[in-house]
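The values are calculated or read from the model by the stated rules, or taken from the named source; none is laboratory data. As the structure is a prediction and not an experimental result, all values here were calculated from the model. Heads up, the Cβs are rebuilt from the backbone with ideal geometry, glycines too, and the neighbour counts pull from every protein chain shown. These area figures cover heavy atoms from the full protein model, side chains too; ligands, DNA and RNA do not enter into them. Shrake-Rupley method; radii C 1.70, N 1.55, O 1.52, S 1.80 Å.
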Protein chains: 2
Amino acid sequence: VKTPTIAVILAAGNGQRARFNMPKQLVDLAGKPLVWHSLKKFDDSPEIDVIILVSNSLCQERMWGLVREGGFSKIDGLSGVITGGETRCESTLSAIRYCDMEITGGREANFLIHDSARPLVTGEMIAGTVAALDKYDAVTTAVPVTDTIAVMGDDGLIDNVPSRGKMYAVQTPQGFRLSVLKKAYARAIKDPKFEATDDCGVVKKYLPKAKIGIVQGDKENIKLTYASDLAIIENILRSRGVA
Amino acid sequence: VKTPTIAVILAAGNGQRARFNMPKQLVDLAGKPLVWHSLKKFDDSPEIDVIILVSNSLCQERMWGLVREGGFSKIDGLSGVITGGETRCESTLSAIRYCDMEITGGREANFLIHDSARPLVTGEMIAGTVAALDKYDAVTTAVPVTDTIAVMGDDGLIDNVPSRGKMYAVQTPQGFRLSVLKKAYARAIKDPKFEATDDCGVVKKYLPKAKIGIVQGDKENIKLTYASDLAIIENILRSRGVA
């Protein structure tokens with residue numbers, strides 16, 4: 001039996017930063033809510049078997065409607081929309097648990113995690129991430145950093161300026177052997193200081209020997225963070241003939 | 001006698017990467033060559049006493065014309081345009097030597113370095129950089145990194161995912177006590193492996209005890225790297241009422 005490939009779309013933000021007057025995942029982009037664009041790409045990707053959408057509880061009804069109206073074939077319009085947590089990592093954990101209980105029954109899977117704030121993900125990135133899981137325990141899409149990065153010390157002064165050639169800006173999708181991600185999270189949740197901004201970072205911290213590969217991302221696969229990013233993202237969509 | 005404040009504008013690229021069909025510093029931005037925008041900001045800043053423009057030898061005549069036509073008051077239209085080197089650091093070194101010989105005669109100065117590929121520098125950043133030199137040996141404008149950064153090891157796998165909260169993307173202007181920068185470069189040029197993408201990195205590497213501060217940059221102070229950046233920069237100029 002082929003190992004199933006499951007994609008998790010993270011869309012559980014509560015719009016607390018209030019830059020968009022609504023939860024970011026619902027911001028209109030080319031006539032569709034932001035999260036729709038990621039759902040569409042993963043639904044259209046032959047490598048993906050099942051999609052799980054992680055929402056906050058307030059938006060859940062809106063997400064059910066969005067999934068049903070979207071005609072997506074790989075996500076269960078009701079039970080496939082699960083409730084996330086306060087933080088990104090709690091949402092990942094919800095998705096792992098749901099997957100284990102409702103989809104894989106504890107068996108191995110390829111497990112992709114994608115942030116709905118990156119609507120410009122492409123089929124190539126998804127395919128590349130899945131393919132890399134043949135070789136690695138975990139993998140992230142990433143692009144070489146073009147800025148020089150400085151690390152600030154506890155005294156507020158610059159502590160270190162690492163060589164730029166080895167620095168990558170991490171994007172999503174990220175991919176994992178589900179068993180590896182589960183083991184990393186099982187350790188992480190016992191750590192009272194646990195916090196992370198991405199899931200490969202969780203694996204690296206709690207399973208230092210895991211082999212984490214890099215798949216070529218795309219400079220255009222930007223994350224919607226500031227209101228001004230919306231015009232940039234729309235320009236790129238337009239250049240792709242979508243908007 | 002007040003310590004003089006000297007600004008170096010780096011514009012010595014030779015357009016080798018050929019993304020713009022001409023040296024980047026001469027690309028048209030809102031009707032002016034790219035480098036003009038930085039010259040204008042520094043010339044208009046009351047904190048700056050003298051400007052040095054670092055060009056490549058092929059563009060030198062074009063730069064002379066640009067400086068004369070621009071009516072800038074702080075740069076000598078002929079001798080203030082100096083020839084840089086193959087690399088960014090060689091250009092910095094040319095500027096240090098010129099400053100020592102022709103301007104300060106070896107005495108102390110505040111020495112600002114700015115990359116002409118960042119035309120969106122503001123007067124606030126320039127003032128902030130100069131002011132911070134009262135407290136620090138060196139200072140860089142920088143913004144908190146919004147991406148998660150991964151460091152790749154020699155094996156091509158991810159070696160480390162440092163905590164994002166302490167990571168800053170370095171911009172220019174950067175500022176130095178000239179004596180500190182000179183000492184760092186004097187050591188750097190003896191190192192056969194010397195290479196660097198910014199001058200605060202040179203100071204940190206060769207004078208580890210120097211106190212390097214961070215001044216708030218601006219997310220909009222982006223560097224022109226790709227052709228697609230040009231539209232983004234023009235949009236920002238327009239929002240400022242310039243273009």
Let me have the 222 nm mean residue ellipticity of chain B computed from DSSP H runs of 4+ only, each contributing -39500 (n - 2.57), with the sum over all residues rounded to the nearest 500. -9000 deg cm²/dmol
The FRET efficiency for A:D28 and B:S179, from their Cβ-Cβ distance with R0 = 56 Å and rounded to 0.05, is 0.50
Sulfur and carbon atoms: percent of accessible area, the stretch B:163-243 [1.4 Å]: 53
For the stretch A:212-220, in residue order, the Karplus 3J(HN,Hα) values (coefficients 6.51, -1.76, 1.60; θ = phi - 60°; whole Hz; Gly and Pro = x) are 10, x, 10, 10, 4, x, 8, 3, 7
Over all directions, how big on average is the projection of the convex hull of the alpha-carbon atoms in the stretch A:186-243, in square nanometres? 6.2
Take peptide B:189-202, look around each residue's Cβ out to 10 angstrom, count Cβ atoms belonging to other protein chains, and average those counts. 3
For the stretch A:1-107, with every protein chain kept in place, what is the accessible area per residue (1.4 Å probe, Å²)? 49
What FRET efficiency do you get for B:L78 and A:N235 if R0 is 41 Å and r is their Cβ-Cβ distance, rounded to the nearest 0.05? 0.45
Restricting to Cα atoms and excluding each atom paired with itself, what does the Kirkwood estimate give for the stretch B:97-243 in Å? 17.1
Hey, what do the phi angles of the stretch A:96-107 turn into as Karplus ³J(HN,Hα) couplings, whole Hz, using 6.51/-1.76/1.60 and θ = phi - 60°, x for Gly and Pro? 4, 5, 4, 4, 4, 7, 9, 10, 9, x, x, 7
Roughly how many percent of the accessible protein surface of the stretch B:2-139 is carbon and sulfur, given a 1.4 Å probe and a whole-percent answer? 48
Which of A:Q25, A:Q174, A:Q216 ends up with the largest GNM mean-square fluctuation for chain A, with Cα atoms connected below 10 Å? A:Q216
Residue-ordered couplings for the stretch B:158-164, obtained by feeding phi - 60° into the Karplus form 6.51 cos²θ - 1.76 cosθ + 1.60 and rounding to whole Hz (Gly and Pro as x), are 6, 9, 6, 10, x, 4, 5
By the gyration tensor of its Cα atoms, with a ≥ b ≥ c the square roots of the eigenvalues, what is the shape of the stretch A:47-114: rounded for a/c under 1.5, prolate for a/b over b/c, or oblate? oblate
Give me the percent relative contact order of chain B, please, defined on Cα pairs under 8 angstrom at least 6 residues apart. 21
What is the interface area between chains A and B, defined as buried accessible area summed over both chains with a 1.4 Å probe, reported in Å² to the nearest 100? 3500
Taking Lys and Arg as +1 and Asp and Glu as -1, residues besides A:G153 with C-beta under 10 Å from its C-beta add up to -2
First select every other residue whose beta carbon is under 10 angstrom from the beta carbon of A:F72; then total the charges, Lys and Arg +1, Asp and Glu -1. -1
Say a paramagnetic label sat at a point 7 Å from the Cα of A:V242, along Cα to Cβ; which residues of the stretch B:201-243 have their backbone N under 15 Å from it? none
